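**Student:** Have a look at this one.
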Amino acid sequence: MGSSMGGYAAIAFSKYLRCDTALAYSPQNEITIQSDPRFAGHVENIEWVYPISAETIADACKFFVVYDNKDLYDKMHAERLRSIIPAERYVEILLSYAGHAVVFYLLEVGLLKQVSLNALTGNPLQRSELRKNRKQSRQYLAIVAEHLRQRRHPKLASRVRRMIRDRHTTSPLIGWAINRRTRFLSSIAENLEVRRLSKKQFDAQFYTHLYWDVLPTGLDPLLHYVRYGRAEQRIIRFKQERRRAGRSPRRLQERFATEDLRS
């Protein structure tokens, strides 16, 4: 299994490794595709010697491809792979508005392990199960907001961005006090923010799993986020998202429920 170019490798080397199952997250078909600007700075420096073709992939391998079908470039790569891999051995798992880093999205919503194990055992999760907890993902909300902006719904996009800010930011005054780095003032502000996030059930295990450099600092993960992580725009998750009456507009919930954003 692998993600992005690692997803390419899972498919391209399946024959060499004699795989019976390959799991590719947002895989690339090749890096020489000029229409994919993400590789523009690398194409000229790469000698492409392992192309994916019907002859190079494992004959008895089943391929699971997980990607965001709303991402133009990832969709393009998936279509090319679909034309190469026999239909009976090709399974797509679609995660709309998850972005290119679908692994990161799945980690945010707590489904990465389950999706991976179920796919590798030949029993991929159903669509309804994949959609659970997606509004807890900062990445998902940010991508939805950008799509709404492109569709010329600026007010709705602004509301989605506000959901992200409400979940992950503190008051400007507390943020200013923390960043002042004065012993007395910063200490008080940090304690207030730690209490606030602790009540919201800050997921320390998720934070340390996502950022390997936190534990060596010796700081409590929550304190590390308050002191450094937020300024570095690190992602956090709460163990239990609480509903806040009146803060989530009914109109926004209805728009989320439309087939346009569900497909």
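**Student:** Identify, from the list Leu106, Leu141, the residue that is modelled with pLDDT of 85 or more and either surrounded by fewer than 17 Cβ atoms within 10 Å (Cβ to Cβ) or within 12 Å of the chain's Cα centre (by Cα) (or both).
**Tutor:** So the residue among Leu106, Leu141 that is modelled with pLDDT of 85 or more and either surrounded by fewer than 17 Cβ atoms within 10 Å (Cβ to Cβ) or within 12 Å of the chain's Cα centre (by Cα) (or both) is Leu106.
**Student:** If I ask for residues that are closer than 20 Å to Val115 by Cα and part of a helix (DSSP H, G or I), which ones from segment 58-87 would you list?
**Tutor:** Listed by number, the residues that qualify are Asp74, Lys75, Ala78.
**Student:** Cβ-Cβ distance below 8 Å, separation of 6 or more or different chains: which pairs start in segment 6-17 with a residue that is under 15 Å from Val66 (Cβ atoms) and in the same structural domain as His100 (by TED's automatic domain parsing) and end on one that is among the hydrophobic types (A, V, I, L, M, F, W, C) and assigned to a helix (DSSP H, G or I)?
**Tutor:** As it stands, the answer is Ile11/Leu81, since those pairs meet every condition given.
**Student:** Regarding segment 49-68, can at least one residue be identified that is crowded, with 21+ Cβ neighbours inside 10 Å, of a type outside the set (Val, Ile, Thr) and more than 24 Å from Leu125 (Cβ to Cβ)?
**Tutor:** No; the residues of segment 49-68 include none that is crowded, with 21+ Cβ neighbours inside 10 Å, of a type outside the set (Val, Ile, Thr) and more than 24 Å from Leu125 (Cβ to Cβ).
**Student:** Then there is this: With respect to Glu92, is the statement that it is acidic (Asp, Glu), out of contact with any strand residue (DSSP E or B) (no Cβ under 7 Å at 6 or more places or on another chain), on the phi < 0 side of the Ramachandran plot and not in a loop (DSSP other than H, G, I, E, B) true?
**Tutor:** No, not satisfied.
**Student:** Oh, and also: Restrict the check to segment 21-29 and report whether at least one residue is more than 22 Å from Gln126 (Cβ to Cβ), at pLDDT below 90 and surrounded by 15 or more Cβ atoms within 10 Å (Cβ to Cβ).
**Tutor:** Looking for residues that are more than 22 Å from Gln126 (Cβ to Cβ), at pLDDT below 90 and surrounded by 15 or more Cβ atoms within 10 Å (Cβ to Cβ), one finds at least one in segment 21-29, hence yes.
**Student:** Do we have Leu117 as assigned to a helix (DSSP H, G or I) and not small (Gly, Ala, Ser) here?
**Tutor:** yes
**Student:** Is there a residue being in contact with a strand residue (DSSP E or B) (Cβ under 8 Å, 6 or more places away or on another chain) and either at pLDDT 95 or above or in the same structural domain as Tyr8 (by TED's automatic domain parsing) (or both) anywhere in segment 34-54?
**Tutor:** no
**Student:** While we're on this one: Considering only residues that are among the hydroxyl-bearing types (Ser, Thr, Tyr), surrounded by 14 or more Cβ atoms within 10 Å (Cβ to Cβ) and within 17 Å of Ala231 (Cβ to Cβ), which ones fall in segment 187-221?
**Tutor:** Tyr207, Tyr211, listed by residue number.
**Student:** So, of the residues in segment 198-242 that are over 20 Å from the mean Cα position of the chain (by Cα) and among the charged types (D, E, K, R), which turns out to be modelled with the highest pLDDT?
**Tutor:** Asp220
**Student:** Hey, another quick one. Is it true that Arg89 is surrounded by fewer than 21 Cβ atoms within 10 Å (Cβ to Cβ), farther than 24 Å from Arg234 by Cα and touching a Lys or Arg at 6+ places or on another chain (Cβ under 7 Å)?
**Tutor:** Yes.
**Student:** Mind checking whether some residue in segment 189-197 is among the polar types (S, T, N, Q), more than 25 Å from Lys135 (Cβ to Cβ), in a helix (DSSP H, G or I) and modelled with pLDDT of 75 or more?
**Tutor:** yes
The values are calculated or read from the model by the stated rules, or taken from the named source; none is laboratory data. All of these numbers come straight from a predicted model, not from anything done at the bench. Positions of Cβ are backbone-derived with ideal geometry, glycine not excepted, and every protein chain shown enters the neighbour counts.
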